[in-house]
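S.K.: Take this structure, written in structure tokens, and hold onto it; I'll ask about it next.
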Amino acid sequence: MDMRIGHGYDVHALAEGLRLVIGGVEIEHTKGCVAHSDGDVAIHAICDALLGALALGDIGKLFPDTSEEFRGIDSKILLRRVVDEVEKRGYRISNVDCTIAMQRPKLRPHIDAMRAALAATMGVECDRVSVKATTTEHMGFEGREEGVSAHAVALLCR
């Protein structure tokens, strides 16, 4: 069996009055991500993990933030396109694990919806998708509520 592991990381600044979309779910909050797309850090990290497992570079290589085609795009569309690349190369997603670091709002009430949205977008069972959230105990840019970050790992099998 051919297995590949990839790691992804993404970060976005937060600003007042913008939409907050994480893990394919819109979350009510006073701040949202400053980004060219919808700024979904979880999906962007997952895309990078999948692309990294295939040695295809990062999300910016496939979907540059200089392209008008991707301005404001729903990141689930980007994730589906990355999954298409995975499948085109004969791999399947074994599992994905993502950790989001953000002080506020509390993400726990949204985790199940995120897992469901991500699983549906990737075409895998929900038990193959893990999403966790953590605060940084008021330390760093996440703790000061200046931004949000996400790490993801993915295991692909062929």
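The values are calculated or read from the model by the stated rules, or taken from the named source; none is laboratory data. It should be emphasised that the depicted structure is a prediction, and the values quoted were computed from it without experimental measurement. Ideal geometry is used to build each Cβ from the backbone, glycine not excepted, and the neighbour counts take in all protein chains shown. Calculation scope for accessible area: heavy atoms of the full protein, side chains included, ligands and nucleic acids excluded. Shrake-Rupley method; radii C 1.70, N 1.55, O 1.52, S 1.80 Å.
S.K.: Please go through the stretch 100-158 and pick out each residue that is more than 14 Å from the chain's Cα centre (by Cα) and β-branched (Val, Ile, Thr).
M.R.: Result: Val124, Thr134, Thr135, Thr136.
S.K.: Let me ask something else. Does the stretch 90-102 contain any residue that is more than 17 Å from Asp40 (Cα to Cα), among the polar types (S, T, N, Q) and surrounded by 14 or more Cβ atoms within 10 Å (Cβ to Cβ)?
M.R.: From the stretch 90-102, those more than 17 Å from Asp40 (Cα to Cα) are 90-95; that's our starting set.
Next, from what is left, pick out any that are among the polar types (S, T, N, Q): 94-95.
Within this subset, residues satisfying the condition of being surrounded by 14 or more Cβ atoms within 10 Å (Cβ to Cβ) are 94-95.
So far as the stretch 90-102 goes, yes, one or more of its residues are more than 17 Å from Asp40 (Cα to Cα), among the polar types (S, T, N, Q) and surrounded by 14 or more Cβ atoms within 10 Å (Cβ to Cβ).
S.K.: Sticking with this structure for a sec: Residue check, Ala120 against (1) closer than 17 Å to Ile46 by Cα; (2) in contact with a strand residue (DSSP E or B) (Cβ under 9 Å, 6 or more places away or on another chain), all met but one. Which one?
M.R.: It is condition (2) that Ala120 fails.
S.K.: Can you say whether Glu69 is part of a helix (DSSP H, G or I) and either among the aromatic types (Phe, Trp, Tyr) or touching a Gly at 6+ places or on another chain (Cβ under 9 Å) (or both), as far as the supplied structure shows?
M.R.: Criteria not met by Glu69.
S.K.: Restrict the check to the stretch 11-26 and report whether at least one residue is in contact with an Asp or Glu (Cβ under 8 Å, 6 or more places away or on another chain), basic (Lys, Arg) and more than 22 Å from Val124 (Cα to Cα).
M.R.: Yes, that holds for at least one residue.
Residue-by-condition table, conditions (1) surrounded by fewer than 21 Cβ atoms within 10 Å (Cβ to Cβ); (2) assigned to a loop (DSSP other than H, G, I, E, B); (3) on the phi < 0 side of the Ramachandran plot; (4) of a type in the set (A, V, I, L, M):
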position	(1), (2), (3), (4)
Gly39	no, yes, no, no
Asp65	yes, yes, yes, no
Ile73	yes, yes, yes, yes
Val82	no, no, yes, yes
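S.K.: I need the full set of residues from the stretch 118-158 which are of a type in the set (Gly, Ala, Ser), open to solvent by 20 Å² or more (accessible area, probe 1.4 Å), within 15 Å of Gly24 (Cα to Cα) and not in a strand (DSSP E or B), in order please.
M.R.: Ala120, Gly123
Residue by residue, here is whether (1) modelled with pLDDT of 95 or more; (2) of a type in the set (A, V, I, L, M, F, W, C); (3) within 23 Å of Asp97 (Cα to Cα); (4) more than 12 Å from the chain's Cα centre (by Cα) holds:
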{"residue": "Ile5", "(1), (2), (3), (4)": "yes, yes, yes, yes"}
{"residue": "Ala13", "(1), (2), (3), (4)": "yes, yes, yes, yes"}
{"residue": "Leu18", "(1), (2), (3), (4)": "yes, yes, no, yes"}
{"residue": "Val25", "(1), (2), (3), (4)": "yes, yes, yes, no"}
{"residue": "Lys31", "(1), (2), (3), (4)": "yes, no, no, yes"}
{"residue": "His36", "(1), (2), (3), (4)": "no, no, no, yes"}
{"residue": "Asp40", "(1), (2), (3), (4)": "yes, no, yes, no"}
{"residue": "Ala45", "(1), (2), (3), (4)": "yes, yes, yes, no"}
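S.K.: If you don't mind, there's one more thing I want to ask. Out of the stretch 84-105, which residues are in contact with a Leu (Cβ under 6 Å, 6 or more places away or on another chain) and either at positive phi or part of a helix (DSSP H, G or I) (or both)?
M.R.: Across the stretch 84-105, the qualifying residue is only Val86.
S.K.: Where residues in the stretch 1-18 are surrounded by fewer than 16 Cβ atoms within 10 Å (Cβ to Cβ) and of a type in the set (D, E, K, R), which of them is nearest to Ile73 (Cα to Cα)?
M.R.: Of everything passing the filter in the stretch 1-18, Glu16 is nearest to Ile73 (Cα to Cα).
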